[in-house]
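Visitor: I have a structure I would like to understand better, so I am pasting it below and will then ask my questions one at a time.
Please treat every number below as a calculation from the coordinates, not as lab data. This is a predicted model, so every value here is computed, not measured. All Cβ positions, glycine included, derive from the backbone under ideal geometry; neighbour counts span all protein chains shown.
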Amino acid sequence: MTATGGRAIDFDTPTTLPRMFYEQAGALDERPFLWRKNEGTWHPLSWREVAARVDAVAAGLAAQGIGPGDRVMIVAENRPEWLIADVAAMVVGAMTVPAYTTNTVADHLHVMNDAEVKAVIVSTRQLAKRVFGAAGQARIAPLVVTMDEQALAQNPGVETITWDGLMDLGRTLPRPGQWQTAQADDVACIIYTSGTGGAPKGVMLSHRNVLANCMGAFDVLKILGLGDEVFLSFLPLSHSYEHSAGQFFPMSIGAQIYYAEGIDKLSDNFQEVRPTIATAVPRLYEFMRGRILRVMEREEGLKKKLFFKALELGGKTVEGCRLGPVQKLTNWLLDLLVRRKIAKRFGGRLKALVSGGAPLNYDVGLFFLALKVPILQGYGQTEAAPVISVNRPGKVRLESVGPPLRGVEVMFGQDGEILARGPMVMRGYWQDDAATARVIDADGWLHTGDIGHLDAEGNIVITDRKKDIIVNSGGDNIAPQRVEGFLTLEAEIAQAMVYGDRRPHLVALLVPDPDWVKTWAAKHGRDAADPTVHDDPAFLSALDTAVGRVNRNLSNIEKIRRFCIAPEGFSVDNGMLTPTLKIRRHVIRQTYGETLEGLYEK
């Protein structure tokens, strides 16, 4: 790999995202910037090549009538063209509207109509089908730019141009100049919230908002030392977390970005790319932890004993326990025999895995830190562009989400709600002043909807989501995410939702872990694919035992008294998960409400 030099911009001088990009491209020139894998080999695009493509796409968009204030929607998997399209739209003064690849036709139609999208840039044939389905129904039919060959049987009734055609047109024209007059407080993008509580709202983020996050992230990275940074991008770029932390932050420090092939190839990509930084949501870390544990449980003899000894002693060290002389020596040997091998699975030069988007379970964080895999939990939301706080290297407090980023103020409401203020706070919700006023008060404080407090060292500790707090019939407040976190750490349980608002006790909806179901079925002579397995008394007893283990560590009001089993897992496709893998409680309640209520009648 060619060194990039690690060139950071001057974060104290206000600028815009396109201006930052051109400044970096001019300075880094032929150094590699974006990497993709094709036919088994990683191929780079230099800063100069990316800038030339941005120029061509921007000029092509301008020739198609896209200009200042217009909205350009992007629907694509993580790939170099995503970044090129994003920056190019901003170069002509347009606002980009990132959209999830998991969106349905109805989801796309809502965004197209709400944002009055003028153009959509889409990648694959599969994604384009849904885009065309929505574009044909939109109040204002957008121009559709297709990155990949679509092989359309007939014109779908929407104005269409290919990506290559747009670039060929743009190459004959000069670079548009609208970006030169753009201001830091202009809206750069409209990112729709993932909709855990209802219809998504468009969050307007300015150039200043995004760059404030980049400044805060750089302040954290300086602790580790800025070098030739390599990012592995796999969280969807349509999410504000990856959009800021996985795209514009690496751009701001002159880093290289490798686009992962997919979750199924992630382990291979880590070892090939050898990233220094990667960002992900907690669910992915839970998945990785579970897979490692399952592999090690199948091992026998010394290898298995060494691994679990490394977890034990490493966990004690992380939690500040003193090790005796023999334990210290053993722990040092385990660095060589276990932890070094684990580090190689992540490429061997990882500075930080950053977790955000949802609370990271304490045991999951402890697992990685015990193995010396550096994981930093952050906190934020789309309305804060999105990062508000993050743990600092060398000062990780697993029960917290770290201190606020540089430039971020935090205080707490009377009910414990976390309020944040600073240059990262959004401009507001798109065409919804009333909703904006409900979350940003007259003094500029963003009301996050999360409950928490500061610990003695100034770290934010989150206790729960304000609107998700369960108040039982006895008036007790219960944090469902805490209980759900414990349930899903059990090998038998993949997903869980706790229920019990205004009821005498808690019940739960459980999704059994598919791998565990296969193992159990094989042991008991059952077919794992047979839906009646869920009714087997022995199967229910095994799940009940798992719930019992969790209950032993919970207070009386948190204990799960009864449970039922969901016939299918919570997923993005069935609407029960957001694209960032948070459960959509209102959707799950609509589907399983009667079943959950029935648990109180037994």
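Visitor: Just to confirm the filter: which GluC sites (Glu not before Pro) across the range 39-82 are DSSP coil and have at most 16 other Cβ within 10 angstrom of their Cβ?
Guide: Filter output for the range 39-82: Glu39.
Visitor: Can you list which of the trypsin sites (Lys or Arg not before Pro) found in the range 457-546 are DSSP loop residues with at most 10 other C-beta atoms within 10 Å?
Guide: Those that pass, being in a loop and sparsely packed, are Arg502.
Visitor: Which of the peptides 533-544, 83-94, 450-461 is most tightly packed, and how do the rest follow, judged by the mean count of other Cβ atoms within 10 Å per residue?
Guide: Packing proxy ranking, top to bottom: 83-94, 450-461, 533-544.
Visitor: Continuing with this model, one more query. Using a cut-off of 11 Å between beta-carbons, work out the net charge of the residues near Ala184 (Lys and Arg +1, Asp and Glu -1, Ala184 not included).
Guide: 0
Visitor: Still on this structure: Which value at 222 nm does the chain reach when only helices count, each DSSP H run of 4 or more adding -39,500 (n - 2.57), with the total divided by all residues and rounded to the nearest 500 deg cm²/dmol?
Guide: -11000 deg cm²/dmol
Visitor: In whole Hz and in residue order, list the ³J(HN,Hα) couplings for the range 175-185 that follow from phi through the Karplus curve 6.51 cos²θ - 1.76 cosθ + 1.60, θ = phi - 60°; x for Gly and Pro.
Guide: 4, x, x, 4, 4, 5, 9, 5, 10, 4, 8
Visitor: Could you order peptides 238-249, 549-560 by the average number of other Cβ atoms within 10 Å of their residues, highest first?
Guide: Taking the mean over residues of other Cβ atoms within 10 Å, the ranking is 238-249, 549-560.
Visitor: Net charge within 9 Å of Ala59 by Cβ-Cβ distance, Lys/Arg positive one each and Asp/Glu negative one each, not counting Ala59 itself?
Guide: +1
Visitor: I'd like the trypsin sites (Lys or Arg not before Pro) in the range 277-334 restricted to DSSP loop residues with at most 15 other Cβ atoms within 10 Å, sorted by number.
Guide: Of the trypsin sites (Lys or Arg not before Pro), the ones in loops of the range 277-334 whose Cβ has at most 15 other Cβ atoms within 10 Å are Arg322.
Visitor: Nearest 5 is fine: what % of DSSP beta bridges in the chain come out antiparallel, could you say?
Guide: Roughly 50 percent of the beta bridges in the chain run antiparallel, per DSSP.
Visitor: Just to be sure I understand the model, the point goes 7 Å from the Cα along the line to the Cβ. What's the resulting Ile292 to Thr595 distance in nm?
Guide: Label at Ile292, label at Thr595, 3.3 nm between them.
Visitor: Would you calculate the separation in nanometres between label points at Glu23 and Phe412, each defined as 7 Å from the Cα along the Cα-to-beta-carbon direction?
Guide: With each label point 7 Å from Cα toward Cβ, the separation is 3.8 nm.
Visitor: A follow-up question, please. How would you order 252-258, 340-346, 109-115 from highest to lowest mean count of nearby Cβ atoms within 10 Å?
Guide: Result, highest mean first: 252-258, 109-115, 340-346.
Visitor: Related question: Determine, for Thr532, Thr580, the number of other Cβ atoms within 10 Å of each Cβ, and report the residues in order from fewest to most.
Guide: Ordered from fewest to most neighbouring Cβ atoms within 10 Å, Thr532, Thr580 come out as Thr532, Thr580.
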